[in-house]
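Trainee: Okay, handing you the structure first.
None of the figures in this text is laboratory data; all of them are computed from the coordinates on show. Since we're looking at a predicted model, the values are computed, not measured. Don't worry about glycine lacking a Cβ; one is built from the backbone with ideal geometry, like all the others, and counts go over all protein chains shown.
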Amino acid sequence: MNKHILDKAVQEYISKHLTEDVHKMAMAKSPFKEVDARELAGQIAAKNKSFKKLPSWYRQEGIYYPPVLSVEQCSSETTAAYKAGLAVGDNLIDLTGGFGVDSCYFARVLKTVTHCEINTELSEIAAHNAQVLGLTNIQFLAIDGIAFLKTSGKPYDSIYIDPARRSTAGKVFMLKDCTPNVVEHLDLLLSCAQRIIVKTAPLLDLTAGLKELKNVAEIHIVSLRNELKELLWVMEKKATPPVKIVCRMLNGPHKGFSFYRGDEESSHAQLLAGNPSGYLYEPDVALLKSGAFNLIAQAYGLKKLDTQTQLYTCELVNDRFPGRIFKINRCISPGELKKEKQLYGNVIVRNYRDKAENLVKKYKIKADNEQFLIFTRSKSEGYVVIDASIVQHY
C-alpha cells in the first residue's frame with residue numbers, strides 16, 4: 001500500500017482525471033515522484049468501477065482502492081446490506097474479508113466484526129477505508145481465516161465466508177472446488193458459531209449444494225434488476241428440515257417470495273386453455289432459480305402457458321408480483337408474423353425453437369423499449385408470438 005496515493009495533491013489529480021483513458025495514462029509519465037503512472041491509472045479504474053456498485057466509497061474522500069479485480073469481485077453495497085440482515089448475535093467473523101465491503105455492513109448492525117484477509121496489503125487497505133468511513137468496531141487480521149479459527153478458540157455468534165471458486169474447467173461447480181473448502185471445514189465452522197452464512201456464485205445448483213452441506217436452515221436467492229447476484233446458504237447448529245427458500249429482489253421496493261423445500265412437489269398450476277389474453281407475467285430470475293414454477297401460479301392466481309414454459313397469464317394486474325408484467329395486445333402465429341412489415345419490439349424467447357438474435361434478423365424486428373415480441377409455446381396453441389407492452393418493470 002503506497003500511502004503517498006493518499007496525499008492531497010494525488011487525490012485531487014485522481015478526482016480530476018476520472019474520465020481519462022487509463023490505458024494511456026498507465027503508459028504516460030506520472031506527475032508525482034512517489035506515485036507511478038500505473039498506480040494512478042489503477043486507482044482511477046477501480047474508483048470508476050465503484051461508481052454504481054459502491055457509491056458510499058466513491059463519494060468518500062480518502063478511499064484507497066485495491067486492484068480493479070478486487071472491486072469487481074466484492075459485494076455491492078446493496079447485496080452487502082441485505083447480508084447484514086442475516087447475521088445474528090453481537091459479533092461476527094468474516095473469514096474471507098477481501099476489500100471489506102461485507103465487513104463494513106456487518107459492522108453497521110453488530111457490535112464487533114473480525115475481518116480476516118490473507119493478503120496483507122488488501123487487509124491494510126480495508127482497515128484504512130473502514131477508518132475513513134468511520135467504522136471503529138472492526139478488527140483487521142492479515143491471516144488465513146480458517147487457520148485463525150482453529151487456533152483462537154474464540155466463539156462467534158455468526159460466521160461469514162465467501163469461498164473463491166478454483167479453476168474447474170469442464171467440471172460441474174461444487175463447493176468442494178472452492179477455497180476455502182467449506183465442506184471440509186464445516187464441522188469446525190458449526191462448532192465456532194450459532195450461524196454460518198456462506199456466499200456462493202449463482203450457478204451452484206441448489207440440490208447439489210444441499211448434498212454437500214448439512215445443517216442448512218435457509219437458502220437466500222438474491223437478484224438485482226433481474227440479474228442473479230448471489231446464493232446465500234444459512235446454516236445453524238440446530239437447523240431442522242425443511243429448508244426455507246427465500247427469493248429476494250433488491251431493486252426498487254424490495255420484493256420477495258418464500259417457501260419451504262418440498263412445497264413445489266405438492267403444488268399444481270392450472271394450464272391456460274386457448275390463446276393468452278389480459279396480462280403476461282414473467283418471473284424474476286430469482287424465482288426461476290428457485291424452481292417454484294407451480295407455487296408461483298398458486299400464490300398469485302395465475303395460469304401457466306405450458307408445463308415447460310415459465311410464463312403466466314391473468315386478466316388483472318398484481319403489482320406485488322416479483323417480475324415483469326406485460327399487457328397482451330395480441331397473440332399471433334409465427335406464420336402470420338411473416339406477413340407483417342415494420343415490426344418493432346424487444347424480442348424475448350421462452351421455450352421456443354429459435355434464438356432471439358436469429359428471430360430479430362429473420363423478421364427484421366427493430367428495437368423498442370416499451371414494446372415486446374415474446375416468442376414462446378402454449379400448451380393448447382403450440383408456438384405463438386405475443387405482442388405486448390410493458391406495464392411493470394422489475
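Trainee: Report, in deg cm²/dmol and to the nearest 500, the calculated mean residue ellipticity at 222 nm for the chain, where each DSSP H run with n ≥ 4 adds -39500 (n - 2.57) and the sum is divided by the residue count.
Mentor: -8000 deg cm²/dmol
Trainee: Which of the GluC sites (Glu not before Pro) across the stretch 28-79 are loop residues per DSSP, with 16 or fewer other Cβ within 10 Å?
Mentor: The qualifying sites are Glu34, Glu61.
Trainee: A further question on this structure: Apply the Karplus curve 6.51 cos²θ - 1.76 cosθ + 1.60, θ = phi - 60°, to the phi angles in the stretch 198-207 and return the couplings in whole Hz, x for Gly and Pro.
Mentor: Coupling constants for the stretch 198-207: 10, 9, 10, 5, x, 6, 5, 6, 4, 5 Hz.
Trainee: Now a separate question. Would you mind counting up the charge near Gln342? Only other residues with Cβ under 9 Å from its Cβ, with Lys and Arg at +1 and Asp and Glu at -1.
Mentor: Taking every Cβ under 9 Å from that of Gln342, the sum is +2.
Trainee: Listed here are the pairs Lys3/Lys199; Lys255/Lys289; Lys229/Lys355; Lys52/Lys244; which of them are more than 26 Å apart at the Cα?
Mentor: Pairs exceeding the cut-off: Lys3/Lys199; Lys52/Lys244.
Trainee: While we're looking at this one, here's another question. Please order Asp102, Asp157, Asp205 by the number of other Cβ within 10 Å, starting at the fewest.
Mentor: Asp205, Asp157, Asp102
Trainee: Which of Tyr383, Tyr281 has the fewest other C-beta atoms within 10 Å, and how do the rest follow up to the most?
Mentor: The most exposed by this proxy come first: Tyr383, Tyr281.
Trainee: From the Cα gyration tensor of the stretch 74-260, with a ≥ b ≥ c the square roots of its eigenvalues, which class applies: rounded if a/c is under 1.5, or else prolate if a/b is larger than b/c, or else oblate?
Mentor: Judged from the Cα gyration tensor, the stretch 74-260 comes out rounded (a/c under 1.5).
Trainee: Same structure again: Can you list residues whose amide H is under 5 Å from Lys229's amide H, if they're 5+ apart or on another chain and H is modeled 1.01 Å from N?
Mentor: The list, which skips near neighbours in sequence, is Val222, Ser223, Leu224.
Trainee: So, one more: Counting only C-alpha contacts under 8 Å and six or more residues apart, can you give the relative contact order of the stretch 1-134 as a whole percent?
Mentor: 20
Trainee: Take every DSSP beta bridge with both residues inside the chain and express the antiparallel ones as a percent of the total, to the nearest 5.
Mentor: 65
Trainee: Just to be sure I understand the rule: take each whole DSSP H helix in the chain, project its Cα atoms onto its long axis, keep it if the span is 20 Å or more and its mean Kyte-Doolittle hydropathy is at least -1.0. Which ones pass?
Mentor: 37-53
Trainee: Let me ask you something else. Count charges around Tyr383 for me, please; just the other residues with Cβ under 15 Å from its Cβ, Lys/Arg as +1, Asp/Glu as -1.
Mentor: The answer is +2.
Trainee: Sticking with this structure for a sec: If one puts a single equal scatterer on every Cα of the stretch 3-71 and applies the Debye formula without solvent, what log₁₀ I(q)/I(0) results at q = 0.13, 0.18, 0.20 Å⁻¹?
Mentor: -0.31, -0.61, -0.76
Trainee: With a 10 Å cut-off between alpha carbons and a GNM built on the chain, which of Lys237, Lys364, Lys176 moves the most?
Mentor: Its mean-square fluctuation being the largest, the pick is Lys364.
Trainee: Would you list Lys16, Lys304, Lys53 from fewest to most Cβ contacts within 10 Å?
Mentor: The most exposed by this proxy come first: Lys16, Lys53, Lys304.
Trainee: Continuing with the same structure: Quick one: which residues, 5+ away or cross-chain, put their amide H under 5 Å from the amide H of Phe140? H built at 1.01 Å from N.
Mentor: For Phe140, whose amide H was placed from the backbone, the distant partners under 5 Å are His115.
Trainee: Taking K and R as +1 and D and E as -1, what net charge do the other residues with C-beta under 10 Å from the C-beta of Ala41 add up to?
Mentor: My count for the surroundings of Ala41 gives -2.
Trainee: For semi-axes √(5λ) of the Cα gyration tensor in Å, several values are listed as [x] 50, 21, 17; [y] 60, 26, 20; [z] 43, 30, 17; flag the one computed from this structure.
Mentor: [z]
Trainee: Amide H neighbours of Leu343 under 5 Å, at least 5 residues apart or on other chains, H built in the peptide plane: list them.
Mentor: Lys366
Trainee: Mind telling me which of Val88, Val234, Val22 comes out most flexible in a GNM of the chain, alpha-carbon contacts under 10 Å?
Mentor: Evaluated over the chain, the most mobile residue of the options is Val22.
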